[in-house]
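The values are calculated or read from the model by the stated rules, or taken from the named source; none is laboratory data. Computed from a predicted model, the values in this text were never measured in an experiment. Backbone-built Cβ (ideal geometry, glycine too); neighbour counts: all protein chains shown. Heads up: the accessible areas ignore ligands, DNA and RNA and are worked out on the full protein's heavy atoms, side chains in. Shrake-Rupley method; radii C 1.70, N 1.55, O 1.52, S 1.80 Å.
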Amino acid sequence: MYSNYNTKTSLVNFRVGKTLKDSFDKTCRYENSNRTSVLKNLMKGYVDSKIPQIKEQVENQQTILSIFK
């Protein structure tokens, strides 16, 4: 949906439990993938799924505001 993902990159650091990280890494290896590509795809999917909802909320707010003008 949102096609402009290929922009400058930035480092993202966050803490996660060791068991989850180890399981995630093993799963990525099993799937012949890597942590970065999987996390990027998950982030893209999340953003793509939320954009229509956000647009609808903004439109609804604009409609409400226009009623009170």
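Tabulated values for the structure
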quantity	calculated
Heavy-atom accessible area per residue - the chain, 1.4 Å, Å²	97
In Å², nearest 10: area of VAL12 left accessible to a 1.4 Å probe	90
29 Å Cα-Cα reach of LYS40 towards lysines, excluding residues that sit fewer than 8 places from it in its own chain	LYS8, LYS18, LYS21, LYS26, LYS50, LYS55
Segment 4-59, accessible surface, carbon-and-sulfur percent (1.4 angstrom probe)	55
Debye, to nearest 20: dipole size of the chain, +1 on Lys, Arg Cβ, -1 on Asp, Glu Cβ	300
Rounded tilt (10° steps) of 18-30 against the dominant C-alpha axis of the chain	80
Square roots of 5 times each gyration tensor eigenvalue, C-alpha, the chain, largest first, Å	37, 14, 11
Tilt relative to the chain, helix 35-67 - C-alpha long axis, 0 to 90 degrees, to 10	10
Heavy-atom accessible area order for ARG29, ARG15, ARG35, largest first, 1.4 Å probe	ARG15, ARG29, ARG35
Heavy atoms of THR63 accessible to a 1.4 Å probe, total area in Å² rounded to 10	80
